[in-house]
Amino acid sequence: MKKNIKIIIICLIAVLVLGGAAAALLLTAPEKEEEDTSSEAEETSQLMYDKDPKDISEINITNEHGTYTIARVGSGDDAKWAVEGISGVPLSSDSLGNVIENAAALTAQQLVTDAPEDISIYGLDKPSAKVNTVFSDSSNTVKTLLLGNEVPDGMNRYFMLEGDPAVYTVSKTDVQYFFNDKYDLINKVIYTSKTASDENDTTDYTRINKMTITRKDLDYAVVIEYDTRIDDDSIITGNSSSYVMTSPAFRDLNPEASSEVMSGIFGLTAGSVEFIDPSEDDIAACGLSEPDAIVKMEINGGDSVSLYIGGVCYDDEGKKIGRYVVADGINIIYSIDESRLPWLTFEPIRIVTSTYTSNYVFNVESMDITGKGLDMHFTMTGSSDDDFAVKLNGEDVDKDKFKTFYQFILRAPSNDFVSEETDEEPVLSINIKNHDGTGDLIEFMPEQNRKCLVKLNGKVTYSCASAYIDRLLKNVELYLNGEDIVNNW
């Protein structure tokens, strides 16, 4: 009896072992290729070829955008790359470099199958991209890469090499540039500053010597220049910016408020290329025959840049994507987001400091205030706080109270720049003269609508709240009475 039990147990064990083996075989058996295209994949990467990029003579790319050729022109270090159908425009060295480097070598991530029954499963019957690379090596090597669907892992793509029946996967990042349009090879960076040629080159190539901005909505040109006073040790200035506005008036720039205007050209990059070698009709259609803004810059080191900003640019779905822009010397109409074009919308009065003039108090020799019943003549001596002294109509006055009063005068409000003509006589004048013969004459014209025009050195330049004049007259009384002046009006 026990012997029979042992036999039964042994049989059961055998059945279980055989059943388990069968189950294991079922579990590990390869499924149909149509259902799991990676069942035969090997897990190790494989270098398919690795050539010197300098040996490439041409690359022919076909994708959803069409077919184009990148060809090497010339030889050795003097060789340059050209793109068929694109001439007379700058090409992006980075974009070209990416295509060339990835065409010169190819590494497979996995072998999917060495004998596919149906390549349509991988999207290789109608490749998403075809890359034919011709080398000028001793063997006249030609490599043709066929790129199919993305692998479900989202990180790789199926491919074949022409002449090899096997299907492999390749990292998407290694082949992504083969799916771009040829126009993506055009350089979209409008301008980058020069770099120092050697350690002895101390030129500041990010300095703008002069910028001139004209706009349809302004009846004057805005001119900004490098403040040469910075380089003169004999001149004392309170300007914290390296730039001054010289038109429509001489004003120190506010460094924070003007930073985008002054630095926006460096690294300025377009969003897209709209027209290459545009016709006159293209230029007119883009609003560039009569631009909304023209920006001309003279860069330290000899470069010059001119931008012409035209009408609004829309994409195919009617969405606003920027403004049409042309740059001198580049035969392209670009589209650039308005946020990258500060010259188009900035308010000139908002990028300058709050003072009409920049006459440093220790440089001032005299100041006269006349009109509205006032006839005040201040004279100053000394060049620092230690020896500074002030007289009013020949009588000594407190220098500290005068400095406070003087700051109030310098901060006369300017609501906006204006350019008007007037024959009216000023109601109040402030004449400042410096020891070096320079100075400023500030004249306030009669009030209109609670505002008055302000002449600076004989030219109507600003509009000003008339309340300032009332406060100035009251502050004169406070100053003469030895009381603290009020800075608000």
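Considering every residue within the stretch 430-450, establish whether at least one is within 30 Å of R323 (Cβ to Cβ), in contact with a helix residue (DSSP H, G or I) (Cβ under 7 Å, 6 or more places away or on another chain), part of a strand (DSSP E or B) and assigned by TED's automatic domain parsing to the domain that holds V476. Scanning the stretch 430-450 turns up no residue that is within 30 Å of R323 (Cβ to Cβ), in contact with a helix residue (DSSP H, G or I) (Cβ under 7 Å, 6 or more places away or on another chain), part of a strand (DSSP E or B) and assigned by TED's automatic domain parsing to the domain that holds V476. Only one entry of S306, S289 meets the criterion of being loosely packed, with under 15 Cβ neighbours inside 10 Å, at pLDDT 95 or above and within 14 Å of I330 (Cα to Cα), and that entry is S306. With respect to the conditions (1) surrounded by 14 or more Cβ atoms within 10 Å (Cβ to Cβ); (2) touching a helix residue (DSSP H, G or I) at 6+ places or on another chain (Cβ under 9 Å); (3) more than 18 Å from S358 (Cα to Cα), K391 lacks only one, and its number is (2). If you go through the stretch 413-440 and keep only what is of a type in the set (A, V, I, L, M) and crowded, with 17+ Cβ neighbours inside 10 Å, you end up with V418, L428, I430, I432.
Looking across the stretch 219-231, just one residue is at pLDDT 95 or above and either of a type in the set (D, E, K, R) or out of contact with any strand residue (DSSP E or B) (no Cβ under 7 Å at 6 or more places or on another chain) (or both), and that is E225. Checking each residue in the stretch 443-458 for being closer than 16 Å to T357 by Cα, surrounded by 15 or more Cβ atoms within 10 Å (Cβ to Cβ) and either touching a Leu at 6+ places or on another chain (Cβ under 6 Å) or among the basic types (K, R) (or both) picks out F444, K455. Quick one: in the stretch 307-340, which of the residues that are of a type in the set (K, R) and outside any strand (DSSP E or B) is farthest from T214 (Cα to Cα)? So, considering only residues that are of a type in the set (K, R) and outside any strand (DSSP E or B), the one farthest from T214 (Cα to Cα) is K319. Considering only residues in the stretch 163-178 that are among the polar types (S, T, N, Q) and in a helix (DSSP H, G or I), the one that is surrounded by the fewest Cβ atoms within 10 Å (Cβ to Cβ) turns out to be T173. Among the residues of the stretch 413-429, those identified as closer than 13 Å to G371 by Cβ and in a strand (DSSP E or B) are L428, S429.
The values are calculated or read from the model by the stated rules, or taken from the named source; none is laboratory data. From a predicted model like this one, the values you see are computed outputs, not experimental measurements. All Cβ positions, even for glycine, are placed from backbone atoms using ideal geometry, and neighbour counts span all protein chains on display.
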